[in-house]
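Written out below as structure tokens is the structure these notes cover.
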Amino acid sequence: MNHYEDQVIIRRASLADADIITELTAAAYSRHVPRLGRLPQPMTADYRQMVAEHPIWLLYLGSEPAGVLVLIVEAEALLIYSVAISPPHQKQGLGRRLLAWAEQEARRAGYTLIRLYTNVLMEENVALYRRLGYEETGRESYLGSTLVHMAKPLTVA
């Protein structure tokens, strides 16, 4: 358990949160720009449209927004589109906390599979997802690089 455990609040985002989502995502993903040579896909999304169409969750530490989870409902699986933690709060288990939340939401909705994708150049993300039980399901060329598609089977409780 980390020292934030008693302060963590996860709530569904609303349209009023679009700017917070955009800012958190930009801050979290900006470290990948030099490696990719471009903005990562989540930094280019229109979060006003995304929050209107998809389940998005904000993680707060007390009153401070510290993370965002963007989910996309698909026919066969729940897709984790983005997990973003503000830089001061990275490497403290909050991303794993949001991934666990995503799995909980998928189970609640009756899914037996959750999936995500990440850029092959984000090697630490690929390694984390593998440690958490995700298996590679394919690779896809994308904007001069490669996306790694991963999925994890879920047991419905």
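The values are calculated or read from the model by the stated rules, or taken from the named source; none is laboratory data. These figures come from a predicted structure and were not determined experimentally. Cβ atoms come from the backbone with ideal geometry, glycine included; neighbour counts cover every protein chain shown. Surface accessibility is based on the protein's heavy atoms, side chains included, excluding ligands, DNA and RNA. Shrake-Rupley method; radii C 1.70, N 1.55, O 1.52, S 1.80 Å.
Please name which of Gly138, Leu128, Leu113 has its Cα lying farthest along the dipole of region 97-157 towards the positive end, using unit charges on Cβ (Lys, Arg +1; Asp, Glu -1) and the Cα centre as origin.
Selected residue: Leu113.
Under 14 Å from the Cβ of Ala16, count the other residues' Cβ atoms, weight Lys and Arg +1, Asp and Glu -1, and hand me the total. Kindly include the intermediate steps, with their values, before the conclusion.
Values: positive: Arg11, Arg12, Arg48; negative: Asp17, Asp19, Glu23.
Cβ neighbours under 14 Å give a net charge of 0.
5 Å is the cut-off here: which amide hydrogens, built 1.01 Å from N in the peptide plane, fall below it relative to Ser86, excluding neighbours closer than 5 in sequence?
Amide H neighbours of Ser86: Gly67.
Over region 30-104, what is the relative contact order in percent, taking alpha-carbon pairs closer than 8 angstrom and at least six residues apart?
On the way: 78 pairs, mean separation 14.8, N = 75.
Result for region 30-104 is 20 percent.
Let a ≥ b ≥ c be the square roots of the eigenvalues of the Cα gyration tensor of the chain; is it rounded (a/c under 1.5), or, if not, prolate (a/b larger than b/c) or oblate? Write down the numbers at each step before the final one.
Numbers: a/c = 1.31, a/b = 1.08, b/c = 1.22.
Rounded, since a/c falls under 1.5.
Rolling a 1.4 Å sphere over the protein heavy atoms, what is the accessible area per residue of region 76-157, to the nearest Å²?
Heavy-atom SASA per residue in region 76-157 reads 51 Å².
Dipole size in debye (nearest 20) for the chain around its Cα centre, Lys and Arg Cβ +1, Asp and Glu Cβ -1?
280 debye
Please give the net charge around Tyr47, taking every other residue with its beta carbon less than 15 angstrom from that of Tyr47, where Lys and Arg add +1 and Asp and Glu add -1.
Values: positive: Arg12, Arg48; negative: Asp17, Asp19, Glu23, Asp46, Glu53.
Neighbourhood net charge equals -3.
Tally up the carbon and sulfur contribution to the accessible surface of the chain as a whole percent, 1.4 Å probe, everything protein left in place. Numbers along the way, then the final one.
Details: 4270 of 8050 Å².
After summing per-atom areas, the C and S share lands at 53 percent.
How much net charge surrounds Val83 when only the other residues with a Cβ under 11 Å from the Cβ of Val83 are counted, with Lys and Arg +1 and Asp and Glu -1? Write down the numbers at each step before the final one.
On the way: positive: Arg96, Arg97; negative: none.
Combined, the nearby Lys, Arg, Asp and Glu give +2.
Over the chain, what is the mean sequence separation of C-alpha contacts under 8 Å (at least six apart), divided by residue count, expressed as relative contact order in percent?
Details: 256 pairs, mean separation 29.3, N = 157.
For the chain, the relative contact order is 19 percent.
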